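The values are calculated or read from the model by the stated rules, or taken from the named source; none is laboratory data. Please read these numbers as outputs of a predicted model, since none were measured by experiment. FYI the Cβ positions are ideal-geometry reconstructions off the backbone, even for glycines, and counts take in every protein chain you see. These accessible areas exclude ligands, DNA and RNA; they are computed on the full protein's heavy atoms, side chains included. Shrake-Rupley method; radii C 1.70, N 1.55, O 1.52, S 1.80 Å.
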Amino acid sequence: MQATADSTKMDCLWSNWKCQAIDLLYWRDIKQTGIVFGSLLLLLFSLTQFSVVSVVAYLALAGLSATISFRIYKSVLQAVQKTDEGHPFKAYLEMEMNLSQDQIQKYTDCLQLYVNSTVKELRRLFLVQDLVDSLKFAVLMWLLTYVGALFNGLTLLIMAVVSMFTLPVVYDKYQAQIDQYLGLVRTHINTVVAKIQAKIPGAKRKAE
C-alpha cells in the first residue's frame, strides 16, 4: 500500500512539474518565466566568461549573503520588537526532502530504460541495420562537424535555451502557417528518401 501511495504521489508530482514547465515555456506567468529565463541566460553568459568553479562559488556566496543578511535582520527585528517568531527559515528547514527507496528505484528504472534504448538505437545505426537510417545519421554527424566549428558547446546551449523560451510561443501563435510549411518540407524529404531507397540496392525497408 505504501509503495502504491508513493508511486501515485510521484506520478502526481511529475504531472505537476510537467504542467509547470509548459506554463514556463508558454509564458503563462510572464514574471515567473522572465525570472527563470533571465537567470538561465545570466548563468550561461557567466560561464562564457568565468570557470564553472568560479560561477558556482560566486552563486553560493550571493545566496549565503542573502540568507545570512535576512537571518540577521529578522533576529535584530525580533530583538527590537521583543517577539519570538523563531527561525525565519523554519518552514524550509522542516520541509521533507528525502527520497524513498521506491522513488529512487523508479528514477533508476526510467534512466535504465533511456540508456538501453539509446544503446540499441546507436547499435542499429552504426551496424547499418537500415542503410537509409545510417546514411541519415552520417549526414547529421557531418553537418554537426560544421556546427561544432562555428559554435562551442556553451553557445549552442544558450541558443537552445533561447529557442525553448521563444519557439513554443511563436508556434502557438502561427501554428497553421508553420504546420503547412512543415508538411511541404516533410513531403519533399519523404520523396527524396523514397527515390534514394529505390536506387540503392538493399536500401528498401522490409515489408512488415
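Taking I72, is it surrounded by 10 or more Cβ atoms within 10 Å (Cβ to Cβ), farther than 27 Å from L40 by Cα and modelled with pLDDT under 90? So that I can check it myself, show each step before the final result.
Numbers: surrounded by 10 or more Cβ atoms within 10 Å (Cβ to Cβ): yes; farther than 27 Å from L40 by Cα: yes; modelled with pLDDT under 90: no.
The answer is no for I72.
Across region 93-107, what is the number of residues that are open to solvent by 70 Å² or more (accessible area, probe 1.4 Å) and more than 30 Å from T67 (Cβ to Cβ)?
Matching residues across region 93-107 total 3.
Is it the case that region 114-125 has a residue that's open to solvent by less than 100 Å² (accessible area, probe 1.4 Å), over 30 Å from I196 (Cα atoms) and either among the aliphatic types (A, V, I, L, M) or modelled with pLDDT of 85 or more (or both)? Outline the logic, then answer.
Looking only at region 114-125, we keep the residues that are open to solvent by less than 100 Å² (accessible area, probe 1.4 Å), and these are 115-119, 121-122, 124-125.
Subsequent filtering for residues that are over 30 Å from I196 (Cα atoms) retains 115-116.
From what's left, either among the aliphatic types (A, V, I, L, M) or modelled with pLDDT of 85 or more (or both): 115-116.
Checked against the condition, which is being open to solvent by less than 100 Å² (accessible area, probe 1.4 Å), over 30 Å from I196 (Cα atoms) and either among the aliphatic types (A, V, I, L, M) or modelled with pLDDT of 85 or more (or both), region 114-125 yields at least one hit.
From the set of residues in region 41-55 that are open to solvent by 90 Å² or more (accessible area, probe 1.4 Å) and aliphatic (A, V, I, L, M), which is farthest from F151 (Cα to Cα)? Lay out the reasoning, then the answer.
Step one: filter region 41-55 for residues open to solvent by 90 Å² or more (accessible area, probe 1.4 Å), giving 42, 45, 49-50, 52-53.
Then drop every residue that is not aliphatic (A, V, I, L, M), which leaves 42, 52-53.
Values: L42: 19, V52: 19, V53: 22 Å.
Taking the candidates together, the pick is V53.
Could you give every pair whose Cβ atoms fall below 8 Å, whose first residue belongs to region 50-78 and is part of a helix (DSSP H, G or I), and whose second residue is open to solvent by less than 70 Å² (accessible area, probe 1.4 Å) and aromatic (F, W, Y), counting only separations of at least 6 or pairs across chains?
If the second residue must be open to solvent by less than 70 Å² (accessible area, probe 1.4 Å) and aromatic (F, W, Y), the pairs left are T67/F89; R71/F89.
Can you report the number of residues in region 81-127 which are free of Cβ contacts under 8 Å to residues at least 60 places away in the same chain and either assigned to a helix (DSSP H, G or I) or within 21 Å of the chain's Cα centre (by Cα) (or both)? Give the steps one after another, and end with the answer.
The first filter runs over region 81-127 and keeps only residues free of Cβ contacts under 8 Å to residues at least 60 places away in the same chain, leaving 81-99, 101, 104-105, 107-127.
Those still in the list that are either assigned to a helix (DSSP H, G or I) or within 21 Å of the chain's Cα centre (by Cα) (or both) too: 81, 90-93, 101, 104-105, 107-126.
Adding up the residues that qualify gives 28.
Pairs needed: first member in region 176-199, within 16 Å of D133 (Cβ to Cβ); second member anywhere, open to solvent by 90 Å² or more (accessible area, probe 1.4 Å) and not aromatic (F, W, Y); C-beta distance under 6 Å; at least 6 residues apart or different chains.
Close Cβ pairs satisfying both conditions: Q197/K204.
Report yes if T67 is modelled with pLDDT under 85 and open to solvent by less than 70 Å² (accessible area, probe 1.4 Å), otherwise no. Before you say what the answer is, go through the steps one by one.
Values: modelled with pLDDT under 85: no; open to solvent by less than 70 Å² (accessible area, probe 1.4 Å): yes.
No.
Where the second residue is of a type outside the set (G, A, S) and modelled with pLDDT of 90 or more and the first is assigned to a helix (DSSP H, G or I) and open to solvent by 60 Å² or more (accessible area, probe 1.4 Å) and lies in region 24-40, which pairs have Cβ atoms under 6 Å and are six or more apart or on separate chains?
Correct list of pairs: L40/V161.
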